[in-house]
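Values quoted throughout were computed directly from the atomic coordinates according to the rules given, and no laboratory measurement underlies them. In this text the structure is predicted, and so the values were computed from the model without any measurement. Neighbour counts are summed over all protein chains in view; Cβ atoms, including those assigned to glycine, are modelled from backbone coordinates with ideal geometry.
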Amino acid sequence: MDLIANPLSEALGAEIIGGDFSKKLNDHHKKFLYDCFLKYHLLCLRSNKLSPKELYNLATTFGTPFTEVTRNQWDREVPEISILNSTYLKLNDKPKNPKLNRRNGWHTDHSFKIDPPKATILHAHEIPSHGGHTRFCNTNKAYQDLPANKKKFFNSLNAVHCYDTERAPARPVKRTASEIKETPDVIHPLILKHDETNIKSIYFNANRTDRIVGYEKKESNQILDEIDNHITQNKYRYDHKWNIGDIIIWDNRCLIHSVNVDYPIKEPRIHLRTLIKENNI
Ligand SMILES: [Fe+2]
């Protein structure tokens, strides 16, 4: 088996062809995939559909998969794999205004946690005939393009990430008081240094980043709006049009993502997902 990496865009990502990912990978292939993951920040493994167990085995190439908070989506035999069914079953399920849908917002996964997952894996089992792309922006490239004085300023800032923020265009699902207690606000540096490659990226989540520490709301919002506009420019962006079987692995430390929520009603859209934690956690 010979794995080949082909870049997917100027901004980020590579597809990997030539693999059978239902089988155990040897150390050479594992190293190739991991090196490509760090280099391109996103990999799309072209594959057939994998079972939850097969996807779990593959996911261990990138670190330790862990269970998500929402138990009702867990696979019955492999709880580290969640089954995400985003099919619109009826007309009212589809958002009238995509901008007011949480999945449409640009985010990095679980930044409300002190130790967010380093990577996320999504595997397409069913996809609609059109729409429903997952979109990515490279916040490392966006950082690199900043003028030196901005880099210096942003490097001095920390940001508060909350489970919900009034800055987000849409609210998350309602939670109980005890669930809310489980997610206290956390602080992350605005510029995140990658713990494996040392590259720097802008760490911002439109759904969760509430404010800059030590700044009045108005000034803080100006800074965050400037960042939001900068990192979501088309030159940093890659939109992934799914094929059934695609396995996408992306690095949450240097990419943000969002979903194109405009796709047909009653056409199945089902993904398997798992999150990967830092090796040292
Ligand atoms: Fe996400």
The chain - share of DSSP beta bridges that are antiparallel (%, nearest 5): 95 percent
Kindly flag which residue pairs out of Lys23/Lys266; Lys31/Lys113; Lys99/Lys235; Lys24/Lys49; Lys49/Lys266 have an alpha-carbon separation exceeding 26 Å in this structure. Lys23/Lys266; Lys31/Lys113
Taking Lys53 as the anchor, which aspartates and glutamates have their alpha carbon closer than 20 Å to its alpha carbon, excluding any fewer than eight residues away along the same chain? Asp20, Asp27, Glu68, Asp75, Glu77, Glu80, Glu126, Asp246
Post the alpha-carbon centroid distance, segment 176-197 to segment 1-42, in whole angstrom. 29 Å
If you take every residue apart from Ser220 with its C-beta less than 15 Å away from the C-beta of Ser220, what net charge results, scoring Lys and Arg +1 and Asp and Glu -1? -3
Compute the orientation-averaged projected area for the chain from the convex hull of its Cα atoms and round it to one decimal in nm². 15.2 nm²
Rounding to the nearest 20 debye, state how big the charge dipole of the chain is about its Cα centre with +1 on each Lys and Arg Cβ and -1 on each Asp and Glu Cβ. 460 debye
FRET E, pair Glu126, Thr60, Förster distance 35 Å, beta-carbon r, rounded to 0.05: 0.90
Please give the Cα centre distance for segment 223-247 versus segment 72-118, rounded to the nearest Å. 17 Å
For segment 53-173, alpha-carbon Rg relative to the globular expectation (2.2 N^0.38 Å, N residues): 1.30
Separation of the Asn234 and Arg103 label points, Cα + 7 Å toward Cβ, nm: 2.5 nm
Distance between modelled label sites at Lys39 and Lys174, nm, 7 Å Cα→Cβ extension: 5.1 nm
